[in-house]
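The structure appears below as structure tokens.
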Amino acid sequence: MKIARYEIAGQIELGITDGQSMASISRNISGAGNDMIALIQRWDELGPQVETLLANPDHALSELRLLAPIARPGKIWGIGLNYADHASEAGIELPEHQTWFVKASTSANGPFDPVQLPVASAALDYEAELVAVIGRGGRHIPAESAGDAIFGYCVGNDVSVRDWQLRTGQFSIGKSFDSHAPFGPWIVTADEIDAATLGIRSFVNGEMRQNSNTSHLIFSPAQQVAHLSQAMTLEAGDLLFTGTPGGVGAAMTPPRFLGEGDVVRVEIDGIGHIENRVEKERPA
């Protein structure tokens, strides 16, 4: 199922879509509300009802505005150097251990909303990523059952401010600027997709920059869940940006960073695409 969060006529709702039309969960299931995290937490109860709604859609997709599937994730984690081709272009050996950084929850952004070119830097870069959305979550999740902790998957762009990212050994500030975690356009539930064999691509102004497959991930989403859950409780609605393939702008000679007006499209087979235009930050 494709579960979305959207705005129509000034109202925010949850819905199920086939990519052409939308059936409202908020309107048609009593008490469902419009909080995606709450829906994920109640999925065992509400999921069977949600599945029946598409037989009678409420809107055409063209009538509404798709929002970030989760307005304010509790945690957003990103893994570094998790595709062999990206490690190669960075001149770094394949990692023995997983390397993680935090993206601030305030970086969450909609699938088609603008991405800010910040006042503080012009070294703005893109990273096409598969995003795993935690469902049941938990602590010390065994590797063999870690996949069951994932509710579904989105398309994501781990937008990065490279000079801020690389001036210290801690990546998090350079990964956490406002608007720099666009994701969506919806959540495809894990039972509908094989996350191990998905084509992933990025385009800047129509030019393909990245073209790979999730089969080249060094650490799988399930391995990522098992690893992180040794340290912390993973909760419904937490996001894991699972790594980017080669082809980022910073690795080109010379580097090709994003500028005002550039449009970045990220697409993943079986999920869909997001597309974000770069706009200058306009401080209050």
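Taking K2 as the anchor, which lysines have their alpha carbon closer than 29 Å to its alpha carbon, excluding any fewer than eight residues away along the same chain?
K75, K103, K175
Using r as the Cβ-Cβ distance of I218 and A122, and R0 as 30 Å, what FRET efficiency do you calculate, to the nearest 0.05?
Values: r = 31 Å, r/R0 = 1.02.
According to the calculation, E is roughly 0.45.
Rounded to a whole number, what is D in µm²/s for the stretch 206-284 from Stokes-Einstein with the Kirkwood radius over alpha-carbon pairs (20 °C, 1.002 mPa s)? Don't skip to the end; give the middle numbers.
Details: Rh = 15.7 Å.
In µm²/s, the coefficient rounds to 137.
Could you list the trypsin sites (Lys or Arg not before Pro) in the stretch 97-178 that lie in coil according to DSSP, counting only those with at most 12 other Cβ atoms within 10 Å of their Cβ? Could you put the intermediate results ahead of the total?
On the way: sites: K103, R136, R139, R162, R167, K175; in loops: K103, R136, R139, R167.
Hits after loop and neighbour filter: R139, R167.
Over the chain, what percent of the accessible surface lies on carbon and sulfur atoms, probe 1.4 Å? Show your work: numbers first, answer last.
Details: 5880 of 12040 Å².
That share works out to 49 percent.
For S212, what is the net charge nearby, where nearby means another residue's Cβ is under 13 Å from its Cβ and Lys, Arg count +1, Asp, Glu -1? Walk me through the intermediate numbers first.
On the way: positive: R201, R209; negative: D85, E89, E127, E129, E267, D269.
Result for the local shell: -4.
For the stretch 91-200, just the Cα atoms, rotate onto the principal axes and tell me the three extents in Å, largest first.
43, 35, 27
Skip the ligands, DNA and RNA, and give the accessible area per residue of the stretch 2-66 with a 1.4 Å probe, whole Å².
Working: 3230 Å² over 65 residues.
Result: 50 Å² per residue.
Take every Cα-Cα distance within the chain, group them into 5 Å bins from 0 onward, and report for each bin the whole-number percent of pairs it holds.
The distribution over the chain is 1, 6, 13, 18, 19, 17, 12, 8, 4, 1, 0, 0, given as percents.
Relative to the compact globular guide of 2.2 N^0.38 Å, what is the alpha carbon radius of gyration of the stretch 2-66, as a ratio?
0.99
Note down the nm distance, to one decimal, between modelled labels 7 Å out along Cα→Cβ at D194 and at L94.
2.1 nm
Round to the nearest 0.05 the FRET efficiency obtained for E260 and R167 when R0 = 25 Å and r is the Cβ-Cβ distance. Walk me through the intermediate numbers first.
On the way: r = 23 Å, r/R0 = 0.93.
Taking R0 as 25 Å, the efficiency between E260 and R167 is 0.60.
Using the alpha-carbon centroid of each, what span in Å lies between the stretch 258-273 and the stretch 15-89?
If we compute the Cα centre of each part, the gap is 19 Å.
At 222 nm, what helix-only mean residue ellipticity would the chain give, in deg cm²/dmol to the nearest 500, using -39500 (n - 2.57) for each DSSP H run of four or more? Mind dumping the intermediate values first?
On the way: 6 runs with 38 residues, N = 284.
That comes out to -3000 deg cm²/dmol.
Determine Rg/Rh for the stretch 77-119; Rg is computed over alpha-carbon atoms and Rh is the Kirkwood hydrodynamic estimate from the same atoms. All intermediate terms of the calculation are to be shown ahead of the outcome.
Numbers: Rg = 14.1 Å, Rh = 12.8 Å.
Rounded to two decimals, Rg over Rh is 1.10.
If the cut-off is a Cα-Cα distance under 17 Å, which aspartates and glutamates reach K280, setting aside same-chain residues fewer than 8 apart in sequence?
Leaving aside aspartates and glutamates fewer than 8 places away in the same chain, those within reach of K280 are D113, D125, D178, E260, D262.
To the nearest 0.05, how large is the calculated FRET efficiency for A84 and K280 if R₀ is 45 Å and r is the Cβ-Cβ distance?
Numbers: r = 36 Å, r/R0 = 0.79.
Efficiency at R0 = 45 Å is approximately 0.80.
If we count every other residue with Cβ under 13 angstrom of A149's Cβ, Lys/Arg +1 and Asp/Glu -1, where does the sum land? Don't skip to the end; give the middle numbers.
Numbers: positive: R136, R139; negative: E144, D148, E235, D238.
It works out to a net charge of -2.
The values are calculated or read from the model by the stated rules, or taken from the named source; none is laboratory data. It should be emphasised that the depicted structure is a prediction, and the values quoted were computed from it without experimental measurement. So basically every Cβ, Gly included, is an ideal-geometry build from the backbone, and we count neighbours across all protein chains shown. Areas reflect the complete protein model, heavy atoms only, side chains present, ligands, DNA and RNA absent. Shrake-Rupley method; radii C 1.70, N 1.55, O 1.52, S 1.80 Å.
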